[in-house]
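Down below is the structure, laid out as structure tokens.
The values are calculated or read from the model by the stated rules, or taken from the named source; none is laboratory data. The structure presented is a predicted model; accordingly, all values stated were derived computationally and were not measured. Reconstructed Cβ throughout: ideal geometry from the backbone, glycine too, with neighbour counts over all protein chains shown. Surface areas here come from the heavy atoms of the whole protein model, side chains and all, with no ligands, DNA or RNA. Shrake-Rupley method; radii C 1.70, N 1.55, O 1.52, S 1.80 Å.
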2 protein chains.
Amino acid sequence: MSKGLMLIISGPAGSGKGTVNAHLIGSGDFVYSVSATTRMPRPGEVDGVNYHFITKEDFISRIENGDMLEYTEYCGNFYGTPKKEAIAVLESGKNLILEIEVDGANQIKEKYPDAVLIMLLPPSFKTQEQRLRGRGTESEDKVLARLERTREELADVSSYDYIVYNYDGKDTEAADRIRAIVDAEKSSIRRNPNVRDRYFED
Amino acid sequence: MSKGLMLIISGPAGSGKGTVNAHLIGSGDFVYSVSATTRMPRPGEVDGVNYHFITKEDFISRIENGDMLEYTEYCGNFYGTPKKEAIAVLESGKNLILEIEVDGANQIKEKYPDAVLIMLLPPSFKTQEQRLRGRGTESEDKVLARLERTREELADVSSYDYIVYNYDGKDTEAADRIRAIVDAEKSSIRRNPNVRDRYFED
């Protein structure tokens, strides 16, 4: 069986990232990478599902042991991707989804060049704005902050491998495109360097 | 509307290339590139369908005018891919399928780096052999010559972009994989260098 692909799926607020990823995971071929964090669980959050909640000492020792594929510090807490778990999923043949941001994506690409970086986008900034306002759940300040943040998130978009547009804000079309990317990557000569030898093997 | 992709689909005898390509073309999104040749039509061959049958003078002047994307000479006759027709198909948004061999594929990749080179293969050499013999339509000599030729055809396989296996010798699975490759390529950052500017456009 062939190894799974490590997919980094990033996207600004309103890209429908969570819904698209949930759709992929629901199919059984994709597994969500659960991040480790040093922050306290919020009500309803389950250890090992939403995050691996670990101590700062544990987190730092994991960084030192090279067991974090990427990490970042935010508001005094660490967030990162445990490496062993990620590798185990890939070895099982499942594709791993990491829902992380541009900085983390670039950290991973350096350590694990086989990772596939996908940026999920609404069809346009205008549509993104409409979606965020349409939710009606956030203050104007928060909407503006999210929109502003999108400019930073896209500053480095050229380091990504693929752009996938989420046209309808739902899940199926973008999820299908991500599946197509996985299938194509698995057929790429880059991932099959020994094709000739294998072909003539008995 | 986005431009179509130029797909070069090569494959040894028994790869099911013709069937897979016919399946793609039947869907309406793909157009077959009709080669030009200086050889005489065989009974049943239709000008403009099987080939563009042209004179040697015409062929040579097209080479000189840069209107052949690739060409080759075989048994005293020229075979080549007319450029104008190819470009017109791509501009219309349809994907163009060129069913050509390794040499021609490399010629095209040089002149038109946006071309996508796909090698279609039976799952193994052994299966290829079984398929060719199973047809029962060719002499042992011819079968052996085709099998031997496969070694040459795969010598340069690393210059291809993708390997697609035709597992069942039919059409749908391999055709679906080729569609996935087209979708993924169209989403690649390489083909969408201005994604950021376009995103923030009004």
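Here are the numbers for the structure shown:
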| quantity | calculated |
| --- | --- |
| Total residues in the range A:34-51, condition of a type outside the set (Ser, Thr, Tyr) and open to solvent by less than 80 Å² (accessible area, probe 1.4 Å) | 9 |
| Among (1) within 22 Å of residue A:29 (Cβ to Cβ); (2) in contact with a helix residue (DSSP H, G or I) (Cβ under 6 Å, 6 or more places away or on another chain); (3) facing chain B (nearest Cβ under 7 Å), the one test that residue A:199 misses | (1) |
| Within the range B:112-149, tally of residues that are polar (S, T, N, Q) and within 21 Å of the chain's Cα centre (by Cα) | 2 |
| The range B:1-23, residues that are open to solvent by less than 20 Å² (accessible area, probe 1.4 Å), modelled with pLDDT under 95 and farther than 17 Å from residue B:162 by Cα | B:14 |
| Flag if residue A:19 is hydroxyl-bearing (Ser, Thr, Tyr) and more than 24 Å from residue A:153 (Cα to Cα) | no |
| Neighbours by Cβ (under 7 Å, 6+ apart or cross-chain): first from the range B:125-148, of a type in the set (A, V, I, L, M, F, W, C); second open to solvent by 90 Å² or more (accessible area, probe 1.4 Å) | B:143/B:133 |
| Subset tally (residues that are over 23 Å from residue A:6 (Cα atoms) and β-branched (Val, Ile, Thr)) for the range A:32-88 | 5 |
| Tally, over the range A:147-196, of residues that are open to solvent by less than 10 Å² (accessible area, probe 1.4 Å), facing another protein chain (nearest Cβ under 7 Å) and assigned to a loop (DSSP other than H, G, I, E, B) | 2 |
| Index of the failed condition, residue B:138 passing every other in (1) of a type in the set (Asp, Glu); (2) more than 15 Å from residue A:196 (Cβ to Cβ); (3) open to solvent by less than 60 Å² (accessible area, probe 1.4 Å); (4) in contact with a strand residue (DSSP E or B) (Cβ under 9 Å, 6 or more places away or on another chain) | (4) |
| Test: residue in the range A:112-127 that is open to solvent by 10 Å² or more (accessible area, probe 1.4 Å), in contact with a Gly (Cβ under 9 Å, 6 or more places away or on another chain), within 27 Å of residue B:180 (Cβ to Cβ) and more than 11 Å from every other protein chain (Cβ to nearest Cβ) | no |
| Those residues of the range B:52-83 which are open to solvent by 50 Å² or more (accessible area, probe 1.4 Å) and either hydroxyl-bearing (Ser, Thr, Tyr) or touching a helix residue (DSSP H, G or I) at 6+ places or on another chain (Cβ under 7 Å) (or both), in sequence order | B:55, B:71, B:72, B:74 |
| Count of residues meeting criterion [open to solvent by 40 Å² or more (accessible area, probe 1.4 Å) and more than 13 Å from the chain's Cα centre (by Cα)] in the range A:24-33 | 3 |
